[in-house]
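Undergrad: Input: one structure, supplied below.
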Amino acid sequence: MSMTNPCIICVAITGSLPTKANNPAVPITVSEQIESTHEAFEAGASIVHAHVRNDDQTPSSDPEKFAALKNGLEKHCPGMIIQFSTGGRSGAGQARGAMLRLQPDMASLSVGSNNFPTRVYDNPPDLVDWLAAEMLAHDVKPEIEAFDLSHILKAHQMWQAGQIAQTPYVQFVMGVKNAMPVDREVFDFYIRTVQRLFGADAPWCAAGIGAQQATLNQWAVAAGGHARTGLEDNVRLDRDRLAPSNAALVRRVVEICDRQERPVATWQQARAILRLQGNSQQGQAA
Ligand SMILES: [Zn+2]
């Protein structure tokens, strides 16, 4: 399986929480984000997961910032899969999906609520339905953020109801304080649930928070899944060292892939695995 299953590396470059005070390498302005993504793309990432920020580093959901980021990424990282966040702390209600009309390749979609470190991550059913409908209308592929087992089953229900067009692509998120911890038996059950509901070959991804990022990278690569890294989830290389860049965290996943004898997916392979051939004509021509 390993030689025929390249590993897609997603780099979550910014997020809505980490600041320059946590790690000066966190890209905040759009130009910083483009530069950091380009370096991560060259290191092996084929998906960029992006939030945007105000100049004072607070979260933003301004579609104009997303548009500027998308234009820059298409120019400097042709072919790379662009995924916008509709979650996090960027805004309330439908403001979280105002950038979907820009037609990024993908967007994150949370389909249920759970606790975050200091608050409720509030995803009420009517908002979930609206975000999914916007993604359908604008041909944006959702990535289902599974903070809990019920989110995988909810994605299955939405797929069966026609709210999600293609086989759902699920990301297991583990290690968020007050949500699902890093637990190997749960992780294995998540995989079995995805395979049971979506097919034995259905692709899936995993993300770990903080020091657990490397653990989830190793588990996912070894189990045939895809891997997310980046400064959004973790700003350190280890206990004593800050990560110098998003690319450095991508290179850590590349090394894990090398040890597990899994090739790193090119953007073309990633688009084929995720059935995203339709978008980014500029990239296809490159
Ligand atoms: Zn995010």
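Undergrad: Six or more apart or on different chains, Cβ under 8 Å: which pairs go from a residue in segment 76-88 that's touching a residue at least 24 places away in the same chain (Cβ under 8 Å) to one that's near the ligand (Cβ under 9 Å from one of its atoms) and of a type in the set (Lys, Arg)? Could you list them?
TA: none
Undergrad: Could you run through segment 156-193 and say how many residues are within 28 Å of residue 211 (Cα to Cα) and either assigned to a helix (DSSP H, G or I) or without any contact (Cβ under 8 Å) to a residue 12 or more places away in the chain (or both)?
TA: 12
Undergrad: Collect the residues in segment 61-90 that are under 20 Å from residue 139 (Cα atoms) and within 11 Å of the ligand (Cβ to nearest atom), keeping them in residue-number order.
TA: 83, 84, 85, 86, 87
Undergrad: Part of a loop (DSSP other than H, G, I, E, B) and hydrophobic (A, V, I, L, M, F, W, C): which single residue out of 73, 69, 17 fits that description?
TA: Just one listed residue meets the conditions, 17.
Undergrad: Moving on to the next point. Which of the numbered conditions does residue 94 fail, given that it passes all the others? Conditions: (1) modelled with pLDDT under 95; (2) within 16 Å of the ligand (Cβ to nearest atom).
TA: Of (1) modelled with pLDDT under 95; (2) within 16 Å of the ligand (Cβ to nearest atom), only one is false for residue 94: (2).
Undergrad: Now for a different question. Looking only at segment 143-152, decide whether some residue is more than 13 Å from the ligand (Cβ to nearest atom), at pLDDT 95 or above, in a helix (DSSP H, G or I) and buried (at least 19 other Cβ atoms within 10 Å of the Cβ).
TA: Looking for residues that are more than 13 Å from the ligand (Cβ to nearest atom), at pLDDT 95 or above, in a helix (DSSP H, G or I) and buried (at least 19 other Cβ atoms within 10 Å of the Cβ), one finds at least one in segment 143-152, hence yes.
Undergrad: Quick check on segment 108-142: of everything there that is part of a strand (DSSP E or B) and among the hydroxyl-bearing types (Ser, Thr, Tyr), which residue is nearest to residue 194 (Cα to Cα)?
TA: 108
Undergrad: Here's a follow-up. For segment 160-177, does any single residue satisfy the condition of being at pLDDT 95 or above, over 20 Å from residue 62 (Cα atoms), within 13 Å of the ligand (Cβ to nearest atom) and not hydrophobic (A, V, I, L, M, F, W, C)?
TA: Checking segment 160-177: at least one residue is at pLDDT 95 or above, over 20 Å from residue 62 (Cα atoms), within 13 Å of the ligand (Cβ to nearest atom) and not hydrophobic (A, V, I, L, M, F, W, C).
Undergrad: Could you list, in sequence order, all residues of segment 31-60 that are of a type in the set (Val, Ile, Thr), outside any strand (DSSP E or B) and within 16 Å of the ligand (Cβ to nearest atom)?
TA: 37, 58
The values are calculated or read from the model by the stated rules, or taken from the named source; none is laboratory data. Computed from a predicted structure; not experimentally measured. Using ideal geometry, Cβ is built from the backbone for each residue, glycine included, and neighbour counts are taken over all protein chains shown.
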